[in-house]
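Novice: The following block contains the structure, expressed as structure tokens.
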Amino acid sequence: MRIRKNAVITAVGGYVPDTILSNHDLEKMVDTNSEWIVARTGIKERRIVNDPNIATSDMATYALKRLMEDGNVDPDEIDCVIVSTSTPDYVMVSTGSMVCEKAGLKNAWGIDTNAACSGFLYALTLGSSMIESGRCKKVVVIGADKNSSIINYTDRNTCILFGDGAGAVLLEQTEEPVGLMDSYFRTDGTGKENLIVTAGGSKHPASQQTLDDKLHYVRQDGRVVFKAAIQGMTDTCNKVLKSNDLESSQINFLIPHQANLRIIQSVGDYLGLSEDQVKVNIDRYGNTTAATIPLCLWDFKDDFKYGDKLMLTAFGAGFSWGATYLKWGNLRNKQSN
């Protein structure tokens, strides 16, 4: 009988900047108020990079270094780093390569992926495939975004939503009945205009006109995204449940993308999960795009027990969305080898 070899999360790390941008701070910047922001989004504050010298790669490196320290991970044993980000340091240098350099990974190669808020789950599947195939022994998957670099802080529709941060996980192979079990993803390019940074790529290269028109900032049709996110996240969770002969009552925890508390609550309600089963940190961090799910795993790691069934789900620009089912394993500690 062939033993299934899974990719299991064995270490986690996270980083958020020290600077807090509260709702009351935003009241001084745009026409809004804290009560409205909390009622509509669930966000009370978000973390913002306050040093122009700190880029996405720096935040990703901080998260990775914490992972290596807490998990007693030898940097020379890491084979690959996948960074999911919508805010790379440069257009033509991968953030992954810079993370490898800054973290002192001599034997790893690094790449980037971009599926916006769904990016971490997409990257997690890529990393899992490399572990399952045996091509790599240790793969780090990072979600990191410096959203403050693409937010217009005079636009009250978007500036209230986003924060900066990074989260990282280490994948290793196991023959135990834990790890990543299944995923289901979808994309629909017709939704791109509803959540987009229009300029800065090959379609609309930077110019004086794109600067004048503020096309380098996030634009969003909140109503369209709100409805599509609830439907997409719920549908893909149900797809994964069905394909694994699971009932939602068998799921211990839901780890949803942290875009809006009302979206999170709606998905949890549709799946019949209690408030305690749905992990939420949007009130403290806002929407950190690709970083939200790994930051949740980092924040709540002590709540997860060996064998717990976790459902991870996200929706983002593209449109991109999906769900991943995993069984929690044992995390490495500082005494591990």
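The values are calculated or read from the model by the stated rules, or taken from the named source; none is laboratory data. Note that the structure is a prediction, hence the values are computed from the model and not measured. All Cβ positions, glycine included, derive from the backbone under ideal geometry; neighbour counts span all protein chains shown. Quick note on the areas: whole protein, heavy atoms, side chains included, nothing else; ligands and nucleic acids left out. Shrake-Rupley method; radii C 1.70, N 1.55, O 1.52, S 1.80 Å.
Novice: Quick one: which residues, 5+ away or cross-chain, put their amide H under 5 Å from the amide H of H257? H built at 1.01 Å from N.
Specialist: T313, A314, F315
Novice: Extension gain Y153-E176, at 0.36 nm per residue separation less the Cα-Cα distance, in nm?
Specialist: Value of the extension gain: 3.5 nm.
Novice: Also, quick follow-up: Quick one: if you stick a label point 7 Å off each Cα along the C-beta vector at Y270 and K102, how many nm between them?
Specialist: The modelled label-to-label distance comes out at 3.6 nm.
Novice: Pick from D164, D31, D112: which residue has the top mean-square fluctuation in a GNM of the chain where Cα pairs under 10 Å get a spring?
Specialist: D31
Novice: For the chain, with equal point scatterers placed on the C-alpha atoms only and solvent neglected, what are the log10 I(q)/I(0) values from the Debye formula at q = 0.07, 0.10, 0.14 1/Å, to two decimals?
Specialist: -0.26, -0.54, -1.09
Novice: On to the next question. Just subtract the alpha-carbon distance of N50 and N72 from 0.36 nm times their residue separation and send over the number in nm, one decimal.
Specialist: 4.9 nm
Novice: Identify all aspartates and glutamates with a Cα-Cα distance to K239 below 20 Å; exclude those on the same chain that are fewer than 8 residues away in sequence.
Specialist: D182, D188, E247, D269, D308
Novice: Round to a whole number: what % of the accessible area of the range 129-177 belongs to carbon and sulfur, probe 1.4 Å?
Specialist: 42 percent
Novice: Give me the 1.4 Å probe accessible area per residue for the chain, excluding ligands and nucleic acids, in Å².
Specialist: I get 46 Å² per residue for the chain.
Novice: Shifting gears a bit: Can you give the relative contact order of the chain as a percent, counting alpha carbon pairs under 8 Å and 6+ residues apart?
Specialist: Relative contact order for the chain comes out at 26 percent.
Novice: Could you check the spin-label model distance between N333 and Q277? Points 7 Å from the Cα along Cα→Cβ, value in nm.
Specialist: For the pair N333/Q277, the computed spacing is 2.9 nm.
Novice: So, one more: Considering the dipole of the chain built from charges on the beta carbon (Lys and Arg +1, Asp and Glu -1) around the Cα centre, which of V73, C159, G191 is farthest to its positive end?
Specialist: Value: G191.
Novice: For the pairs K5/K327; K28/K279; K192/K279; K279/K301; K242/K327, flag any whose C-alpha to C-alpha distance is greater than 21 Å.
Specialist: K28/K279; K192/K279
Novice: Right, something else. Rounded to the nearest 0.05, what FRET efficiency is calculated for R135 and K214 with R0 set to 41 Å and r the Cβ-Cβ distance?
Specialist: 0.40
Novice: Using square roots of five times the C-alpha gyration tensor eigenvalues, list the equivalent-ellipsoid semi-axes of the range 190-326 in whole Å, biggest first.
Specialist: Listed largest to smallest, the semi-axes of the range 190-326 are 32, 16, 13 Å.
Novice: A further question on this structure: What is the extension gain from M29 to D302, computed as 0.36 nm multiplied by their sequence separation minus the C-alpha to C-alpha distance, in nm to one decimal?
Specialist: 94.5 nm
Novice: Would you work out the relative contact order for the range 144-196, in percent, from Cα pairs under 8 angstrom that are 6 or more residues apart?
Specialist: 29 percent
Novice: Quick one: which of 279-288, 181-190 comes out on top by average Cβ neighbours within 10 Å, and what's the full order, highest first?
Specialist: The peptides rank, most packed first, as 279-288, 181-190.
Novice: Which distance in nm do the two modelled labels at K203 and Y90 give, with both placed 7 Å along the Cα-to-Cβ direction?
Specialist: Placing both labels 7 Å beyond Cα along the Cβ direction yields 2.5 nm.
Novice: Report, to the nearest whole %, how much of the accessible area of the range 207-275 belongs to carbon and sulfur atoms, 1.4 Å probe, protein only.
Specialist: That share works out to 45 percent.
Novice: Could you work out the relative contact order of the range 150-235? I mean the mean sequence separation of Cα pairs under 8 Å and 6+ apart, divided by the number of residues, in percent.
Specialist: Rounded, it is 34 percent for the range 150-235.
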